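Note sheet for the following structure.
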Amino acid sequence: MRTRRGISYPRDDVCVGRIVVKRSGFAGYNMGCRKRQRSSPAVAGKGDMFDALPDDLVITILSKLCASASCPSDFINVLIACKRLNSFALQPLVLSKASPKLFAVKAEKWSESAHRFLKSCADAGNVEACYTLGMIRFYCLQNRGSGASLMAKAAISSHAPALYSLAVIQFNGSGGSKNDKDLRAGVALCARAAFLGHVDALRELGHCLQDGYGVRQNITEGRRFLVQANARELLAGLSSTSVSKTATRSWLTWSPHPIPHPNNRHPNVPGCPLLSDFGCNVPAPEAHPANKFLTEWFGSRDRIPGPGLRLCSHVGCGRPETRKHEFRRCSVCGAVNYCSRACQALDWKLRHKAECAPVERWLDEEGVGGDGMDEVIAES
């Protein structure tokens, strides 16, 4: 029906998508079907071909991206791209391939959401996430049982840093009393990590054999492990892309001039002549993301893990004591303390060799209130 001016009255059926809806009492102007269909020729040519990709192909691409991510923002950009990528990026298959740099959160930005994400990666079977979250829970959040369980889960999968960290816990009796030390278990865990090529475990095992600490003394075999640890550290330094060619050439001859430390905390300390006996000067290795988190966590709290507790004096470690007098002191000056012989050997050649001053006698500043006098650790 039309009006006198020839305008049609509005119809009582309105087109919504492909469905025709009957409406009664409609008195407005008929706007018709304003939204064009996706199947129309004008829209079909502009369609997004990404929606046509198979799901398994998208998940494979995301897994490769997570494995090669260099920072958390690489993954966050995927999450905010679209709903499809957001849903696929949080699949266990993708999270299990995440690289350590993807969840290398800074201590100052630690939050419950970061904790949940790390937990999701660990539940998906990501070994690095199990180790990192285990270290954070054990030392920072003081959840000893859960942290040790996550590190053990990573150790079962032959994760060398987790095996070495569990060995340090056994050597020190961390999380318990002095009587909870298990030197034989520590040596066994160190031997397994050393077999996998972990440098600190090789050095720790070498000192254990030289000193007869938890194992029958064998000086020759211990020396062999120490040389092997130095050789592996030199190889890792040569293959590192973070060191310039100029610095690499300076390794060929020992130099007393300072070598910048990777974390820039001690820019003026001397070089680290791990192979000084062989004429090489190797910069200190880069710390694991978990150790970096520990260092930042306790550094933001004025480096005080608790009343009367101390941190390992090696700048790349970050481990705190879980009870008083847990770590062993330098037998010469008594001014520094270490969680392990590996940290002591590395810090001695990195900086403490130039600072250590012998004293005739040193006393415990904290009094008698702990496990008694600190154990001393001889300098090599």
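For this structure, a couple of remarks:
- Enumeration of residues in the stretch 87-104 that are closer than 14 Å to SER68 by Cα, among the aliphatic types (A, V, I, L, M) and in a loop (DSSP other than H, G, I, E, B): ALA98, LEU102, ALA104
- Here ALA201, ALA155, ALA167 are screened, and the one residue that is touching a Gly at 6+ places or on another chain (Cβ under 8 Å) and buried (at least 24 other Cβ atoms within 10 Å of the Cβ) is ALA167.
- Set ALA81, ALA67, ALA114, ALA162: member being aliphatic (A, V, I, L, M) and either touching a Cys at 6+ places or on another chain (Cβ under 9 Å) or under 24 Å from GLU326 (Cα atoms) (or both): ALA162
- Flag: LEU150 does not match the condition of being open to solvent by less than 10 Å² (accessible area, probe 1.4 Å), within 15 Å of the chain's Cα centre (by Cα), without any contact (Cβ under 8 Å) to a residue 40 or more places away in the chain and under 27 Å from ASP74 (Cα atoms).
- Any chance SER158 is assigned to a loop (DSSP other than H, G, I, E, B) and either at pLDDT 95 or above or in contact with a Ser or Thr (Cβ under 8 Å, 6 or more places away or on another chain) (or both): no
- Assessment of the stretch 106-124 against the conditions (open to solvent by 40 Å² or more (accessible area, probe 1.4 Å), closer than 18 Å to LEU189 by Cβ and among the basic types (Lys, Arg)) yields no matching residue.
The values are calculated or read from the model by the stated rules, or taken from the named source; none is laboratory data. Since this is a predicted model, take the numbers as computed values, not measurements. Positions of Cβ are generated from backbone atoms using ideal geometry, with glycine treated the same way; all protein chains shown enter the neighbour counts. Accessible surface areas use protein heavy atoms only, side chains included; no ligands, DNA or RNA. Shrake-Rupley method; radii C 1.70, N 1.55, O 1.52, S 1.80 Å.
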